[in-house]
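K.L.:
What follows is a single structure, and I will ask about it in a moment.
The values are calculated or read from the model by the stated rules, or taken from the named source; none is laboratory data. Note that the structure is a prediction, hence the values are computed from the model and not measured. Backbone-built Cβ (ideal geometry, glycine too); neighbour counts: all protein chains shown.
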Amino acid sequence: MTATQPVELTVVDTTTAAWELFPVPAIGAELEHVPLVSDPETGVTVLKMVYRAGFTNPWHTHPCAHGVYVLEGTLRTHQGDHGVGSFVWFPEGGTMQHGATDDADVTFLFITNKAFDIAFVDDHQH
């Protein structure tokens, strides 16, 4: 029998961690986030993010799937609104829109299944 070593945990207190800016040059946005996990082998990423009231990430696609778990506020998507406690999974490759409602911020966990990238698509295609 071989001895095992306890794993080193990654712990982030998201109530006190500094918010960073996630630039999205194509739409002139800088989205606030707290990095939680970024796995260089798989590309899996977990962030705590906020979309400010009235913000919409316009029609776009990703080469990765991603999930959004709503912590505060309401996530507005192209298929409706999703409140606190909702988990919304966006399959890779499809086109989508998501953001905050007009009257309140939405704070959420953002989770990818592999390396993140984004490509915006022409509004006239929808």
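K.L.:
If you scan region 110-126, which residues turn out to be more than 15 Å from residue 47 (Cα to Cα) and part of a strand (DSSP E or B)?
P.N.:
Correct list: 119, 120.
K.L.:
Starting from region 1-25, keep only residues that are at pLDDT below 90, then list their pairs with residues that are surrounded by 10 or more Cβ atoms within 10 Å (Cβ to Cβ) and not in a loop (DSSP other than H, G, I, E, B) whose Cβ atoms are within a distance under 6 Å, requiring at least 6 positions of separation or different chains.
P.N.:
So the pair list comes out as 22/31; 22/33.
K.L.:
Is at least one residue of region 38-53 part of a strand (DSSP E or B), acidic (Asp, Glu), in contact with a strand residue (DSSP E or B) (Cβ under 8 Å, 6 or more places away or on another chain) and closer than 19 Å to residue 116 by Cβ?
P.N.:
no
K.L.:
Continuing with this model, one more query. In region 83-109, what residues are outside any strand (DSSP E or B) and of a type in the set (Gly, Ala, Ser)?
P.N.:
The answer is 83, 85, 86, 93, 94, 104.
K.L.:
Out of region 37-59, which residues are aliphatic (A, V, I, L, M) and touching a residue at least 40 places away in the same chain (Cβ under 8 Å)?
P.N.:
Scanning region 37-59 gives 44, 46, 47, 49, 50, 53.
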